Amino acid sequence: MKEDLRSMDLKALSGYMAALGQPRFRAEQILGWIAKGAREIDEMRNLPKQLRERLQETAYLEELRVLTVQRAADGTRKYLLGLPDGNAIECVFMKYKYGNSACVSSQAGCRMGCAFCASTLRGLARSLTAGEMLEQILCMERDTGEPVSHVVVMGSGEPFDNYENLCRFLTLLHEPKGRNMSLRNITVSTCGLIPRMEQFREDFPQVNLAVSLHAPNQKLRREIMPVAKSYGFDVLLDACRAHARETGRRVTFEYALIAGFNDQPEHARELAQKLSGMLCHVNLIPLNRVRESRLSGTTREEALAFQKILEERGIPATIRRELGAEIDAACGQLRLGAQ
């Protein structure tokens, strides 16, 4: 079976080169080419021809197909990418003052079953390799002609349900001979798989952690997030406090505002009380409408009122910037449409 060069970090590539009788610096050269977005092994012109021929026999560069691109006036682009096995995933390119950010998927589909999310409606097809996660960024850079300096793993899928490949992907992003991206420029989102959160704190303390909370208490969270049946609200917040305390980095709580469900003033007051004293930030998200769901988003005015209550009680909060409003279908909708 051929090896996917894009999924190999420096350690793996060095071992692979050693097995082919090649020195370590060849692995560094290959990582450099992959970071630049090379699509063919023959593009790696500083590798000896004999080695390139050998690599073509034993390895490949995973490449995804751009199926659909939605473009917005503010520079945001949303992509539907085809995987070699026929599955499809989504990713988003976003422009900010501090640089370009890529939102990537970690799985094709998802098995977490959150009631407000389109990505989970047809379950999990499969997890992505590290190379497939990296290739999403490279696809965006090829299409836009612009570099990506920040990455958020917040597309379809639960990253911690694909932990080994996630770790390899983060290592590839940070590799000095490759992308050389600061770990502080990377954010990983989870719905709250606490054992993996604790492991992540040890493995990548500099990477930003975002937790999909979406409720101020266990009762409401359990209604919309099946994961709450395994990991309760208070236990999750304890894990978040430990993460902030031990890493010195704030935890971001993603909070989708659902009309008439979790967006009332009493919910804001309860949330502020639960988060009191924690190094954290709340990212309020007026819910994107998912056609297959009965849930709908709150109004802008109610979102602002919710934010004000949190901030008056010492909890930093922002309302997610509406990038690419004209293409703002819920995450997973492009994929559902293609299926």
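Cβ separations smaller than 8 Å between residues 6+ apart or across chains give the following pairs from the range 300-315 residues that are touching a residue at least 12 places away in the same chain (Cβ under 8 Å) and open to solvent by less than 100 Å² (accessible area, probe 1.4 Å) to residues that are hydroxyl-bearing (Ser, Thr, Tyr) and part of a loop (DSSP other than H, G, I, E, B): PHE306/THR298; GLY314/SER276; ILE315/SER276. Residues in the range 120-143 that are of a type in the set (S, T, N, Q) and closer than 12 Å to CYS91 by Cβ: GLN136 only. Restricting attention to the range 269-289, the residues that are more than 25 Å from the chain's Cα centre (by Cα) and not in a loop (DSSP other than H, G, I, E, B) total 5. Residues of the range 170-198 being under 23 Å from LEU31 (Cα atoms), touching a helix residue (DSSP H, G or I) at 6+ places or on another chain (Cβ under 6 Å) and in contact (Cβ under 8 Å) with a residue 40 or more places away in the chain, which ones? Hits for the range 170-198 are LEU172, GLU175, LYS177, GLY178, ARG179. Restricting attention to the range 94-112, and to residues there that are crowded, with 16+ Cβ neighbours inside 10 Å and over 26 Å from ASP74 (Cβ atoms), which single residue is nearest to the chain's Cα centre (by Cα)? The extreme case among them is GLN107.
Mind checking which residues of the range 316-339 are open to solvent by less than 20 Å² (accessible area, probe 1.4 Å), among the small types (Gly, Ala, Ser) and at pLDDT below 95? Within the range 316-339, GLY324, ALA330, GLY332 qualify.
Counting only strands (runs of 3 or more DSSP E) that sit completely within the range 8-112, those holding 2 or more residues that are among the basic types (Lys, Arg) and under 14 Å from ILE137 (Cα atoms) correspond to 77-82. For the range 17-56, the tally of residues that are open to solvent by 30 Å² or more (accessible area, probe 1.4 Å) and either in contact (Cβ under 8 Å) with a residue 40 or more places away in the chain or among the aliphatic types (A, V, I, L, M) (or both) stands at 4.
Looking at this structure, is ARG71 modelled with pLDDT under 95 and basic (Lys, Arg)? Yes: the conditions hold for ARG71. Checked against (1) buried (at least 20 other Cβ atoms within 10 Å of the Cβ); (2) under 22 Å from the mean Cα position of the chain (by Cα), ASP263 passes all but a single condition, namely (2). Selection of first residues in the range 235-252 that are of a type in the set (Ser, Thr, Tyr) and of second residues that are part of a helix (DSSP H, G or I) and open to solvent by less than 60 Å² (accessible area, probe 1.4 Å), restricted to Cβ pairs under 7 Å at least 6 apart or on distinct chains, gives the following pairs, ordered by first then second residue: THR247/ARG201.
Answer yes or no: is there a residue in the range 143-155 that is more than 24 Å from ILE194 (Cβ to Cβ), out of contact with any helix residue (DSSP H, G or I) (no Cβ under 8 Å at 6 or more places or on another chain) and assigned to a helix (DSSP H, G or I). Yes: the range 143-155 contains one or more residues that are more than 24 Å from ILE194 (Cβ to Cβ), out of contact with any helix residue (DSSP H, G or I) (no Cβ under 8 Å at 6 or more places or on another chain) and assigned to a helix (DSSP H, G or I). Within the set ALA215, ALA242, the sole residue that is in a helix (DSSP H, G or I) and touching a helix residue (DSSP H, G or I) at 6+ places or on another chain (Cβ under 9 Å) turns out to be ALA242. Among the residues making up the range 137-157, those that are open to solvent by 10 Å² or more (accessible area, probe 1.4 Å), in contact (Cβ under 8 Å) with a residue 24 or more places away in the chain and not hydrophobic (A, V, I, L, M, F, W, C) are GLU141, ARG142, ASP143, THR144, GLU146, PRO147, SER149, HIS150, GLY155, GLY157.
When the residues of the range 113-136 are filtered to those that are within 19 Å of GLU62 (Cβ to Cβ) and not small (Gly, Ala, Ser), the one that is surrounded by the fewest Cβ atoms within 10 Å (Cβ to Cβ) is ARG126. The residue of the range 143-193 that is nearest to the chain's Cα centre (by Cα), among those that are more than 26 Å from THR76 (Cβ to Cβ) and among the aromatic types (Phe, Trp, Tyr), is PHE160.
The values are calculated or read from the model by the stated rules, or taken from the named source; none is laboratory data. What you see is a predicted model; the values in this text were computed from it and never measured. When we count neighbours, we look across all protein chains shown, and the Cβ atoms used for this are built from the backbone with ideal geometry, even at glycine. Quick note on the areas: whole protein, heavy atoms, side chains included, nothing else; ligands and nucleic acids left out. Shrake-Rupley method; radii C 1.70, N 1.55, O 1.52, S 1.80 Å.
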